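Encoded as structure tokens, the structure appears first; notes follow it.
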Amino acid sequence: MTRRTRIFIGILLIYGIGIAFLLYSVVADIDPRYRESAEESLVDTSQLMASLVEQDVIAGAINTARLEPLFRSVYARAFSAQIYNLHKRRVELRMYVTDRRGRVLFDSLGRHTGADFSRWSDVSRSLAGLYGARTTRDIESDPATSVMYAAAPVRWNDEIVGVVSVGKPVQSFGQFVIDARARTIWVGVGSALALLVLAIIVSIWLVRPFGLITDYLRWLRSQRQPPGLGRMVRRMVDTLRSSLGEVRDALTGRNYVADYVQTFTHEIKSPLSAIRGAAELLQEPAMPQPERERFLANIANETERIQEIVDRMMELTALEAQRALERSEPVALAPLLQQLAAGARDAAGLRGIRLVVAIQQEAQVEGDPFLLRRAVSNLLDNALDFSPANAEVVLALHVEGRRARISVRDHGPGVPEFAKDKVFEKFYSLARPHTRRKSTGLGLAFVKEIAELHRGKVALSNAPRGGALASFTLPIGG
């Protein structure tokens with residue numbers, strides 16, 4: 001992964017983390033807000049019921065005789081209330097009344113009559129003239145059984161003689177919380193994606209006004225016959241992907257150029273030093289002619305190496321800037337491999353290398369025949385360079401489902417462990433076993449760019465019985 005791609009992904013990650021944090025904060029705040037609303041209603045209800053109970057206080061004693069038939073009637077009521085997504089059929093409100101010592105005189109559920117509730121915060125605080133509330137689980141190990149209580153004091157002649165506490169199961173409004181969280185997440189994710197798509201569209205528009213339409217129309221005009229719907233959709237996706245690449249480069253362009261310049265400078269420093277050293281030695285008047293010819297040959301070789309690096313660099317840069325295939329047509333792979341093998345056999349024969357072509361099944365892909373030929377040629381040249389004399393190199397074609405895989409197998413030293421993650425980096429090269437010289441290090445990077453333009457993949461690994469195995473995978477039919 002290139003540095004500019006990492007920066008672009010980093011920007012997207014920062015955006016995603018920011019949206020996720022915002023959504024998490026909003027979603028986490030939903031439950032407390034619903035609890036606040038429910039508690040506010042319980043406070044009103046407790047004050048109302050305390051006023052009702054106060055009507056039956058006689059000489060400081062609380063009479064709860066009419067509460068039991070009241071709640072029996074309320075719990076027995078049959079009704080149907082559709083509250084948005086919640087269908088409510090029964091009353092879940094509960095209430096208990098205590099005396100001035102905190103002992104329960106009445107419990108609407110009939111569970112705790114006679115119990116001592118003086119240590120519960122809703123009772124103790126209300127008896128002290130303060131606001132009292134609590135949340136307690138009916139079943140200690142089950143959070144879903146939590147019940148919220150809000151209490152109000154019962155007064156007689158300005159004296160607190162008891163407490164009315166009204167409760168409501170949290171589960172009764174938990175469905176609203178779950179529904180609100182789900183809706184918030186969907187709206188948040190949808191809004192974030194819509195904003196991201198809008199930002200990408202605006203970025204593409206700023207980078208290349210009308211460029212997408214122009215590229216797509218140019219491709220349509222270049223087709224010899226009207227393309228099918230599948231090909232048109234795939235081309236549209238490729239065009240959008242290339243535009244995203246341009247947006248990425250626009251965001252990280254300075255680092256991209258800096259990387260290129262730094263790497264290029266490092267690569268040509270060695271041949272330039274060799275040329276300068278040879279030029280300084282050639283200025284010695286007493287240098288023998290054979291030595292002079294050797295240094296002149298060194299200058300010519302290093303100059304040729306610099307020229308090759310520059311040519312390859314310009315070619316690779318042009319390919320990266322292309323973004324999407326300018327030329328695309330059906331390409332039969334078997335004849336292409338046979339032609340490449342025939343052209344490479346003379347060079348292979350000089351070192352006694354046998355070049356074998358193994359076609360499992362013919363396959364046709366959609367792409368640029370010139371670029372595909374260049375990609376496979378690079379892989380084949382690499383295999384010949386690293387193959388020992390009198391060995392065998394196998395160029396094969398396999399069909400795996402809807403993908404065609406071109407493989408090149410040699411019997412050389414293979415890929416060292418330290419180089420496995422670097423072989424496709426620009427300017428990274430390993431010394432050839434028979435010459436001890438390195439290439440420009442741009443060949444495999446060139447192959448990788450061609451593979452990505454064709455929506456394919458390239459890989460280089462060690463073969464099971466020694467040597468290296470390069471594979472170039474392409475979608476069949478484009």
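The values are calculated or read from the model by the stated rules, or taken from the named source; none is laboratory data. Nothing here was measured: the structure is a model prediction, and the numbers come from that model. Backbone-built Cβ (ideal geometry, glycine too); neighbour counts: all protein chains shown.
Quick look at the values:
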item: Matching residues, the range 99-118, being within 18 Å of residue 148 (Cβ to Cβ) and part of a loop (DSSP other than H, G, I, E, B); result: 108, 109, 111, 112, 117
item: Single match in 57, 53, 27 (criterion: touching a helix residue (DSSP H, G or I) at 6+ places or on another chain (Cβ under 6 Å) and either in the same structural domain as residue 157 (by TED's automatic domain parsing) or at pLDDT below 85 (or both)); result: 27
item: Meets criteria (modelled with pLDDT of 90 or more and either outside any helix (DSSP H, G or I) or under 30 Å from residue 425 (Cα atoms) (or both)) for residue 64; result: yes
item: Condition met for residue 466 (more than 30 Å from the chain's Cα centre (by Cα), under 25 Å from residue 353 (Cβ atoms) and surrounded by fewer than 16 Cβ atoms within 10 Å (Cβ to Cβ)); result: yes
item: Strands (runs of 3 or more DSSP E) contained in the range 338-448 and holding at least 2 residues of a type in the set (S, T, N, Q); result: none
item: Total residues in the range 34-50, condition in contact with a helix residue (DSSP H, G or I) (Cβ under 9 Å, 6 or more places away or on another chain) and loosely packed, with under 13 Cβ neighbours inside 10 Å; result: 1
item: Among (1) crowded, with 17+ Cβ neighbours inside 10 Å; (2) more than 22 Å from residue 456 (Cβ to Cβ); (3) out of contact with any strand residue (DSSP E or B) (no Cβ under 6 Å at 6 or more places or on another chain), the one test that residue 350 misses; result: (1)
item: Qualifying residue in the range 69-89 (condition: among the basic types (Lys, Arg), under 52 Å from the mean Cα position of the chain (by Cα) and exposed (fewer than 11 other Cβ atoms within 10 Å of the Cβ)); result: yes
item: Close pairs from the range 338-351: first touching a residue at least 24 places away in the same chain (Cβ under 8 Å) and within 14 Å of residue 395 (Cβ to Cβ), partner β-branched (Val, Ile, Thr) and part of a helix (DSSP H, G or I), Cβ under 7 Å, at least 6 apart; result: 340/376
item: Out of 320, 326, 315, 293, sole residue that is modelled with pLDDT of 75 or more, out of contact with any strand residue (DSSP E or B) (no Cβ under 7 Å at 6 or more places or on another chain) and either of a type outside the set (Lys, Arg) or over 25 Å from residue 441 (Cβ atoms) (or both); result: 293
item: Unmet requirement for residue 147, which otherwise passes all of (1) touching a Gly at 6+ places or on another chain (Cβ under 6 Å); (2) part of a helix (DSSP H, G or I); (3) farther than 18 Å from residue 62 by Cα; (4) not small (Gly, Ala, Ser); result: (2)
item: Extreme residue, nearest to the chain's Cα centre (by Cα), among residues of the range 130-144 that are at pLDDT 95 or above and either in a loop (DSSP other than H, G, I, E, B) or more than 21 Å from residue 45 (Cα to Cα) (or both); result: 131
item: First in the range 76-102 and over 22 Å from residue 43 (Cα atoms), second anywhere and surrounded by 10 or more Cβ atoms within 10 Å (Cβ to Cβ) and among the acidic types (Asp, Glu), Cβ under 8 Å, 6 or more apart; result: 84/179; 85/179
item: Out of 100, 111, sole residue that is buried (at least 18 other Cβ atoms within 10 Å of the Cβ), among the charged types (D, E, K, R) and more than 30 Å from residue 29 (Cα to Cα); result: 100
item: Residue that is over 28 Å from residue 302 (Cβ atoms), surrounded by fewer than 14 Cβ atoms within 10 Å (Cβ to Cβ) and not assigned by TED's automatic domain parsing to the domain that holds residue 304, where the choices are 417, 452; result: 417
